[in-house]
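*Asks:* Mind having a look at this structure? Questions to follow.
The values are calculated or read from the model by the stated rules, or taken from the named source; none is laboratory data. Because the structure is a prediction, the values reported are computed rather than measured. Note: ideal-geometry Cβ built from the backbone for every residue, glycine included; neighbour counts use all protein chains shown. Ligands, DNA and RNA are stripped out before the accessible areas are found, and what is left, the full protein with its side chains, is counted by its heavy atoms. Shrake-Rupley method; radii C 1.70, N 1.55, O 1.52, S 1.80 Å.
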Amino acid sequence: MNRRGFCLAAAATALAVPLTGCVTVHGERADIPAVRSDGAAQVLARFARASNAATRAYDESLIDATESGALGDTDRAGLRAKHANHPEGNAEFTPLVFSDTRFLVPRQRGWPKFFVADTATNRGADRWLLVFRRFAAGDPWKAPFLAVLPADALPALATDKDGHVLPLPLSGTDLLVQPGRLSAAYSSYLQQAADAPPFADGPSTSQQLAGRDKNRRTANSVTQYADQPADGGDFTPVALRTKDGGALVFFAGRHQTRATYREGYRLTIDQDTQALMTGTPRTSVTLSRLGQQAVTVPPADAPGAKVTVLSRLAGLVAATGA
């Protein structure tokens with residue numbers, strides 16, 4: 001699914017939510033909720049307002065304050081392409097509206113801290129899961145990941161006695177794949193490495209591999225595929241414990257295709273790809289995409305344990321012609 005199809009781009013300095021009361025609480029030491037509910041609502045509201053302004057103007061500079069990681073890089077590229085072809089912006093844009101939102105807030109000690117907005121939109125029946133994260137108390141909340149999935153596809157999440165969801169570390173868990181290794185594991189799977197962890201069949205796994213096999217060599221072209229992890233800094237995965245003992249994990253990856261065409265073949269390239277392209281596409285085109293995945297990971301000892309991809313959004317971030 002192409003990320004830009006949702007026309008989401010955002011900008012605004014997100015709210016650094018103060019704690020109430022007369023006692024100073026140190027977020028780097030105390031085990032506290034990552035954000036208050038009213039603060040989370042204000043972060044999402046600012047995100048929506050700025051998203052609408054940025055997408056209406058096709059202005060990539062407006063997303064730096066509220067987006068990071070895979071979501072931010074994908075949106076920047078998408079807005080850059082749209083602006084190149086439509087510098088006047090999009091006066092017919094329908095504003096994005098969030099509704100029926102619940103906030104999945106963990107208790108956390110230290111930094112970074114994160115929370116997830118699980119919300120309906122006016123973009124269809126599917127739910128959006130927006131991950132917001134900040135690395136220090138003075139930093140703005142930024143969204144590095146987005147997942148889009150049917151309401152009944154979201155797994156039941158484990159909570160503490162106060163209703164806070166349970167965050168998981170990147171390593172040292174009882175899961176089939178450690179959250180911090182998922183980007184590398186998915187890349188290995190797509191490269192069909194013999195030691196890749198098992199992924200359940202579906203559009204983002206077995207069907208994607210079948211499509212690659214079909215398109216690897218055709219009458220007009222030969223296509224090569226390369227997949228690399230993106231798992232540090234703003235791309236660091238986020239994981240929540242599920243009630244069945246597994247986890248819901250958000251992570252990113254880099255994916256590249258290079259198609260080389262037969263001599264005399266006339267290339268047809270869409271406007272958005274042309275806007276992001278460097279070089280002259282005579283015989284080959286290399287496309288670089290960023291993928292955002294939300295997956296469930298079972299415990300390592302679960303019978304028939306496999307990672308299941310719930311949502312995958314892939315967006316073009318660069319193109320090269322030769």
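*Asks:* Just give me the residues in the stretch 56-93 being acidic (Asp, Glu) and farther than 23 Å from residue 132 by Cα, in sequence order.
*Replies:* If the condition is that a residue be acidic (Asp, Glu) and farther than 23 Å from residue 132 by Cα, then 88, 92 are the ones that fit.
*Asks:* What are the residues in the stretch 51-68 that are in a loop (DSSP other than H, G, I, E, B) and within 15 Å of residue 143 (Cα to Cα), if any?
*Replies:* 64, 65, 66, 68, listed by residue number.
*Asks:* Say whether the condition of being surrounded by fewer than 22 Cβ atoms within 10 Å (Cβ to Cβ), of a type in the set (Lys, Arg), modelled with pLDDT under 95 and in contact with a Lys or Arg (Cβ under 9 Å, 6 or more places away or on another chain) is met by at least one residue in the stretch 44-64.
*Replies:* Taking every residue of the stretch 44-64 in turn, none turns out to be surrounded by fewer than 22 Cβ atoms within 10 Å (Cβ to Cβ), of a type in the set (Lys, Arg), modelled with pLDDT under 95 and in contact with a Lys or Arg (Cβ under 9 Å, 6 or more places away or on another chain).
*Asks:* If I go through the stretch 45-77 residue by residue, how many of them are touching a helix residue (DSSP H, G or I) at 6+ places or on another chain (Cβ under 6 Å) and of a type in the set (Phe, Trp, Tyr)?
*Replies:* Residues meeting the conditions: 1.
Residue-by-condition table, conditions (1) under 23 Å from residue 308 (Cα atoms); (2) among the small types (Gly, Ala, Ser); (3) assigned to a strand (DSSP E or B):
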position: 201; (1), (2), (3): yes, no, no
position: 207; (1), (2), (3): yes, no, no
position: 211; (1), (2), (3): yes, yes, no
position: 225; (1), (2), (3): yes, no, yes
position: 228; (1), (2), (3): yes, no, yes
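*Asks:* Only one of 117, 136 is modelled with pLDDT of 95 or more, more than 15 Å from residue 241 (Cβ to Cβ), in a strand (DSSP E or B) and aliphatic (A, V, I, L, M). Can you tell me which?
*Replies:* 117
*Asks:* Going through 130, 166 one at a time, which residue ends up being modelled with pLDDT of 95 or more and either buried (at least 18 other Cβ atoms within 10 Å of the Cβ) or touching a helix residue (DSSP H, G or I) at 6+ places or on another chain (Cβ under 8 Å) (or both)?
*Replies:* Answer to the check: 130.
*Asks:* Based on this model, can you work out whether residue 152 counts as open to solvent by 60 Å² or more (accessible area, probe 1.4 Å), in contact (Cβ under 8 Å) with a residue 12 or more places away in the chain and either of a type in the set (Gly, Ala, Ser) or part of a helix (DSSP H, G or I) (or both)?
*Replies:* Judged against the criteria, residue 152 is not a match.
*Asks:* Starting from residues that are more than 20 Å from the chain's Cα centre (by Cα) and surrounded by 11 or more Cβ atoms within 10 Å (Cβ to Cβ), keep the ones in the stretch 169-195 and report whichever is nearest to residue 253 (Cα to Cα).
*Replies:* 191
*Asks:* Would a scan of the stretch 97-105 turn up a residue that is assigned to a helix (DSSP H, G or I) and either modelled with pLDDT of 95 or more or crowded, with 22+ Cβ neighbours inside 10 Å (or both)?
*Replies:* No: the stretch 97-105 contains no residue that is assigned to a helix (DSSP H, G or I) and either modelled with pLDDT of 95 or more or crowded, with 22+ Cβ neighbours inside 10 Å (or both).
*Asks:* Restricting attention to the stretch 232-248, does a residue exist that is exposed (fewer than 13 other Cβ atoms within 10 Å of the Cβ), acidic (Asp, Glu), over 18 Å from the mean Cα position of the chain (by Cα) and not in a helix (DSSP H, G or I)?
*Replies:* no
*Asks:* Residues that are at pLDDT 95 or above, under 18 Å from residue 181 (Cα atoms) and open to solvent by less than 60 Å² (accessible area, probe 1.4 Å): does the stretch 205-222 have at least one?
*Replies:* Yes: one or more hits.
*Asks:* When you look at residue 121, is it within 23 Å of residue 63 (Cα to Cα) and surrounded by 14 or more Cβ atoms within 10 Å (Cβ to Cβ), yes or no?
*Replies:* yes
*Asks:* Same structure again: Identify the residue in the stretch 30-43 that is modelled with pLDDT of 95 or more and out of contact with any strand residue (DSSP E or B) (no Cβ under 8 Å at 6 or more places or on another chain) and, among all such residues, is least open to solvent (accessible area, probe 1.4 Å).
*Replies:* By that ranking, first place goes to 39.
*Asks:* Where residues in the stretch 253-306 are hydroxyl-bearing (Ser, Thr, Tyr) and either assigned to a loop (DSSP other than H, G, I, E, B) or modelled with pLDDT under 95 (or both), which of them is most open to solvent (accessible area, probe 1.4 Å)?
*Replies:* Only one residue fits best here, namely 268.
*Asks:* Assess whether residue 27 counts as being modelled with pLDDT under 90, more than 19 Å from the chain's Cα centre (by Cα), farther than 30 Å from residue 207 by Cβ and surrounded by 13 or more Cβ atoms within 10 Å (Cβ to Cβ).
*Replies:* Yes; evaluated as a whole, the condition is true for this residue.
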